[in-house]
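First up is the structure itself, then whatever we jot down about it.
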């Protein structure tokens, strides 16, 4: 069968990438996936650009949405080699993609196949309703190609049989009427006299039925016969029709008695359908062996960018930022973090649920406006929000690779939770882009949350303040390093209703943790004002009367340009 049925043929054309063995396996098992992609060709070049034309798209793909998606890639500069995209389609698909003259069109297409619906996986599931003893109920069953064709052909045989039976019933009815006409044609004069002497149609019908032994149906047809049909030529035509109908009825009876003859009729009809509607194959079958392999790094133009994250979870990428006070933010929002890195490097976003989300710089949307909600990139849960972020570019963060697996790296991270716990952890496991659901770096208690994450190099002092106006200054090195996600160790012991409001990782006397009191006053905490103690205690009382309302977060400074020795 597979010699004749090479694979599916889709109305929109395209190209099937499965091998013949894969297609054969799909037809054997009745399920599988068809890798289907659009086809393209390269057009003439100009001085600075060249154009590629997509001339077919995968079946079920919406062309307008595909063009819109490619347009987004152009606008967001995900592929700097792309210049523009236009839909030139009429009856046939024709999408023009303009690119720089030195662009590699095969690499461009590899990217589009990966990131758009220009290549899809078309699911095959040959589950059908199989006839049962009850003609009103079908039984679902997954079939292979041979079984499907068997059921289809038997269905066609049933259709042909029913059609013949219906035609025979109509023929018998017509023959019955014509035989009535034939009976009276030799006695037309007598019939006319009987009708003229009758008291009405019913009386005439009774006399004709009694005289010629006809039934009511035949008699009604005779009485409804128009006068001109009694002409000699018309009578001859009626007799010819009767003979033809009898001949056709004999043929149908013979077909109904002989199943082999009906199978021949099924074959003939299928051949006629093929001749009338058959056309050339539209979907090419070509294995993807030797195709350009997709590698994300091949499509990234390396340059330094700045990522800006807001407290409301909006994120954007810009080429450079000189003053964060001028960056566009939505009303009531403020900057949480801003950091620099190469478009080939990654950045990590930490949530209050203890989950880290990693993406490439290039995947952060380029924008001079508000940017996009980070939920577009990652799947955050209800109540989850970003509380920290940093660049993982080695020039910005330093060496995050541990010398030995399980040991702390020269540079790693420290996190503090609202219930007074803290932990240190490596950034190395977070280097590669994560899935939309992220990776867990901490496991805060049920009613607690991560307040933030800071870079740790070995000299930092953790300064934390609580709602009950207590504070602690402790060396970060006293916080245990965890090889995997956990709760951490106690940084500060809290009272029953107390909680940590915020913290900083201080590296100098000039680093200040600023808090606002319940009366609206501001107070600063630093290593210059207070003594550094050990972790795990109750901390010191920072306010004799009242409480702390919140930790005030100053506007971050714009990150300086990165160098090899940053």
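Quick rundown of the values:
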item	result
Among residues of the range 87-105, those that are in a strand (DSSP E or B) and closer than 17 Å to residue 55 by Cβ, counted	6
Residue tally, condition modelled with pLDDT of 95 or more, surrounded by 22 or more Cβ atoms within 10 Å (Cβ to Cβ) and over 45 Å from the mean Cα position of the chain (by Cα), over the range 492-507	1
Selection status of residue 430, touching a strand residue (DSSP E or B) at 6+ places or on another chain (Cβ under 7 Å), closer than 20 Å to residue 337 by Cα and in the same structural domain as residue 374 (by TED's automatic domain parsing)	yes
Filter result (in a loop (DSSP other than H, G, I, E, B) and either within 60 Å of the chain's Cα centre (by Cα) or within 13 Å of residue 185 (Cβ to Cβ) (or both)) within the range 216-255	225, 231
Of all residues in the range 55-86 being in a loop (DSSP other than H, G, I, E, B) and at pLDDT below 90, the one that is surrounded by the most Cβ atoms within 10 Å (Cβ to Cβ)	79
Residue in the range 505-517 that is assigned to a loop (DSSP other than H, G, I, E, B), more than 16 Å from residue 474 (Cβ to Cβ) and touching a strand residue (DSSP E or B) at 6+ places or on another chain (Cβ under 8 Å) present	yes
Residues (touching a helix residue (DSSP H, G or I) at 6+ places or on another chain (Cβ under 8 Å) and either over 24 Å from residue 320 (Cβ atoms) or part of a loop (DSSP other than H, G, I, E, B) (or both)) located in the range 375-389	377, 380
Of the criteria (1) touching a residue at least 24 places away in the same chain (Cβ under 8 Å); (2) surrounded by 12 or more Cβ atoms within 10 Å (Cβ to Cβ); (3) in the same structural domain as residue 506 (by TED's automatic domain parsing), which one residue 558 fails	(3)
Flag if residue 113 is part of a helix (DSSP H, G or I), touching a residue at least 24 places away in the same chain (Cβ under 8 Å), in contact with a strand residue (DSSP E or B) (Cβ under 6 Å, 6 or more places away or on another chain) and farther than 30 Å from residue 213 by Cα	yes
So residue 44, is it in contact with a strand residue (DSSP E or B) (Cβ under 8 Å, 6 or more places away or on another chain), in the same structural domain as residue 104 (by TED's automatic domain parsing) and farther than 30 Å from residue 147 by Cβ	yes
Residues of the range 347-374 that turn out to be assigned to a strand (DSSP E or B) and within 17 Å of residue 77 (Cα to Cα), as a count	4
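The values are calculated or read from the model by the stated rules, or taken from the named source; none is laboratory data. Note that the structure is predicted; figures quoted are calculated from it, not measured. FYI the Cβ positions are ideal-geometry reconstructions off the backbone, even for glycines, and counts take in every protein chain you see.
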